Amino acid sequence: MVKQKHILFIKIIQIISIIVVLVLTGSICVSSQEMKPVKSYQGGIIAGTDRNFIIIFYNGETIKAKILSVNDDLITIKEKGGNTRDIHRSSISGIKEIPFGTLGTAGLGFGIPYGTLGFNLEVNLLPYLSINGGLGTTIFSGIGYSAGLKGYIRKPGPIWRPRVSVFYGVNGVYAEDFNHPANKKYSGWTVGAGQIFLWQHHGFDIDLMYIINSNLWDEHPGEYRKFKISLGYRYAF
């Protein structure tokens, strides 16, 4: 009987020892995780420009802001709402630049997308697809217009973005002279291929346009070329 009690006592001691070891091991692991320093963000930080960034913090917060200055590990930012504050590099887990042209572009130029000579607005529906509208003057025959789509091979960010486009609008003008009563504008479908070049907010675009149809060719066959050039200044936003 005494021997059985002794064996039971030893087993209890062993179980208690195992529990103590497990508790101590867990405490050490938790303590080591709590004591482990957070690694500071080591990526490049561009300050003092007009660029916008998405800043991701270790606490889960994400904000859109401009980086005003960097002083060692102290970074001064201006949030989208206008609030200015200082943050420490060690609180940042990541920084992503918001590319220029993410929303779209606007510009002045000549060619079918610009209503012959005028203004064009481009708004991105998707990173690779935009809707466009142009309004301008045909010089000889009143107001010119265009509306269409552009499809890009690359999403906003790179300086150079090739694209294809399709427009409906004024794509031909017959002119005798300024204010001549015989002057006339014609509308139809036009397709194009070209590219836009952007350096931050500013850049230019150039496209080779091909006129698919226009009553200009029915009324004045062989007098006009179906290939046109479009060129303009672009501002990205």
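The values are calculated or read from the model by the stated rules, or taken from the named source; none is laboratory data. Treat the numbers as computed from the prediction; the structure is a model and nothing was measured. All Cβ positions, even for glycine, are placed from backbone atoms using ideal geometry, and neighbour counts span all protein chains on display.
A few notes on this one:
- Which numbered condition Gly157 misses (of (1) modelled with pLDDT under 95; (2) farther than 17 Å from Tyr235 by Cβ; (3) surrounded by fewer than 15 Cβ atoms within 10 Å (Cβ to Cβ)): (2)
- For segment 192-208, the criterion of being assigned by TED's automatic domain parsing to the domain that holds Gly111, over 36 Å from the mean Cα position of the chain (by Cα) and not small (Gly, Ala, Ser) is met by no residue.
- Residue identified as surrounded by 13 or more Cβ atoms within 10 Å (Cβ to Cβ), in contact (Cβ under 8 Å) with a residue 12 or more places away in the chain and not assigned by TED's automatic domain parsing to the domain that holds Asn171 among Ile46, Ile87: Ile87
- Subset of segment 108-135 (residues that are part of a strand (DSSP E or B) and either in contact (Cβ under 8 Å) with a residue 40 or more places away in the chain or of a type in the set (D, E, K, R) (or both)): Leu108, Gly109, Phe110, Gly111, Thr116, Asn120, Glu122
- Restricting Val164, Val173 to residues that are surrounded by fewer than 21 Cβ atoms within 10 Å (Cβ to Cβ), at pLDDT 95 or above and touching a strand residue (DSSP E or B) at 6+ places or on another chain (Cβ under 9 Å) narrows the list to Val164.
- Pairs where the first residue, in segment 216-237, is among the small types (Gly, Ala, Ser) and the second is part of a loop (DSSP other than H, G, I, E, B), C-beta under 9 Å, 6+ apart: Ala236/Pro99; Ala236/Phe100; Ala236/Gly101; Ala236/Thr102; Ala236/Leu103; Ala236/Pro156; Ala236/Gln200; Ala236/His201
- Residue count for segment 80-107, restricted to those that are in a strand (DSSP E or B) and under 21 Å from the mean Cα position of the chain (by Cα): 9.
- Val173 in contact (Cβ under 8 Å) with a residue 12 or more places away in the chain, under 16 Å from Ile212 (Cα atoms) and within 25 Å of the chain's Cα centre (by Cα): no
- Only listed residue being at pLDDT below 80 and under 30 Å from His202 (Cβ atoms), chosen from Ile15, Ile45, Ile67: Ile45
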